[in-house]
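The numbers here are math on the coordinates, done by the rules we state, and not lab data. Given the structure is predicted, the values throughout are model-derived calculations rather than measurements. All Cβ positions, even for glycine, are placed from backbone atoms using ideal geometry, and neighbour counts span all protein chains on display.
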Protein chains: 2
Amino acid sequence: MDIKIKNRLEARAKIFKALAHPSRVLIVEELADGERCVCDLTEKVGADISTVSKHLSVMKNAGLVLDEKRANQVFYRLRMPCILKFFDCVETVLEDLKNE
Amino acid sequence: MDIKIKNRLEARAKIFKALAHPSRVLIVEELADGERCVCDLTEKVGADISTVSKHLSVMKNAGLVLDEKRANQVFYRLRMPCILKFFDCVETVLEDLKNE
DNA sequence: CAGGTATTTGGCAAAATAGCCAAACAGACA
DNA sequence: TGTCTGTTTGGCTATTTTGCCAAATACCTG
């Protein structure tokens, strides 16, 4: 397969991968309301802080979130508002599945 | 965490997982043009037909595609047109990343 | 029914991902 | 500087995912 096409497919898949975990979905939902520090997200997710930090790193690496250090806290926020529209679509899919 | 919330997060993550692989991204792109038989998709993807069949099974299980057997071929098609809007959004994300 | 094509399934090995702990780091502030 | 808080990184094991082959299945056609 053409290397260029392959790269494009991998780039797209990387973004979906960054969303393909329940904790990361929760993180996106939280960030939809505005920025959050790692500590807030850790509490919500209910996992070890190192685990949450690694999730955030995956999401940052995929371009889904931005981070900003202020004092000794790091705040994350959604980089792409359109991500939220994904979620509406997913909701539609799920509703549709329920009505079978 | 509330079991209900957990189920919702997992349901959403399942859909993203079904998109989180380069071959499956390619399959969605192909199906955007209309239904395809497994043999067509196998040729495009360039993997073993059993591999492609398993990818399709993941996607079907997540509710992304529908299958229909006609004669001795199985045709797959996108179940949710809004999935394609996902892709537009992803494209925006990628463009944005490029311009850094 | 026999043989052919198209697809799915079982099984296994390789690769990728997840999650915890402990250790390292960074910044604030006495 | 020493210590405290918040975060990231390294390292390890456990789990999940991927992809091939071989075998099973489904349907058509002679």
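Copy B relates to copy A by a rotation, and the B residue whose beta-carbon is nearest that axis, with the distance in whole angstrom, is B:ALA20, 2. When you restrict to C-alpha pairs under 8 Å that are six or more residues apart and normalise by the size of the range B:40-100, the relative contact order lands at 17 percent. Principal axis extents of the Cα atoms in the protein assembly as shown, from largest to smallest and rounded to whole angstrom, are 65, 40, 25.
Taking the Cα centre of the protein assembly as shown as the origin, how large is its charge dipole in debye, to the nearest 20, when only Lys and Arg (+1) and Asp and Glu (-1) carry charge on their Cβ atoms? Write down the numbers at each step before the final one.
Values: 34 positive and 32 negative charges, 80 e Å.
In total the dipole reaches around 380 debye.
Label sites at B:ASP33 and B:LYS54, each approximated as a point 7 angstrom past Cα along Cα to Cβ, lie 2.7 nm apart. Legend: mean number of C-beta atoms from other chains within 10 angstrom of residue C-beta atoms, peptide A:72-85, equals 2. Sequence-ordered 3J(HN,Hα) estimates for the range B:27-41 from the Karplus curve with 6.51, -1.76 and 1.60 and θ = phi - 60° stand at 4, 4, 4, 5, 5, 4, 8, x, 5, 9, 7, 4, 5, 4, 5 Hz, glycine and proline given as x. Using the alpha carbons alone, the radius of gyration of chain A stands to its Kirkwood radius in an Rg to Rh ratio of 1.03.
With viscosity set to 0.890 mPa s and temperature to 25 °C, compute the Stokes-Einstein D of the range B:31-77, Rh being the Kirkwood radius across alpha carbon pairs; µm²/s, no decimals. Walk me through the numbers on the way to the answer.
Numbers: Rh = 10.7 Å.
D = 230 µm²/s.
At a Cβ-Cβ separation cutoff of 4.7 angstrom, cysteine residues of chain B with no neighbouring cysteine are B:CYS37, B:CYS39. Applying the Karplus relation 6.51 cos²θ - 1.76 cosθ + 1.60 with θ = phi - 60° to the range A:94-100 yields 3J(HN,Hα) values of 5, 4, 4, 5, 5, 7, 9 Hz, where x marks Gly and Pro. Relative contact order, whole percent, for the range B:14-66 stands at 43, derived from Cα pairs under 8 Å and 6 or more residues apart.
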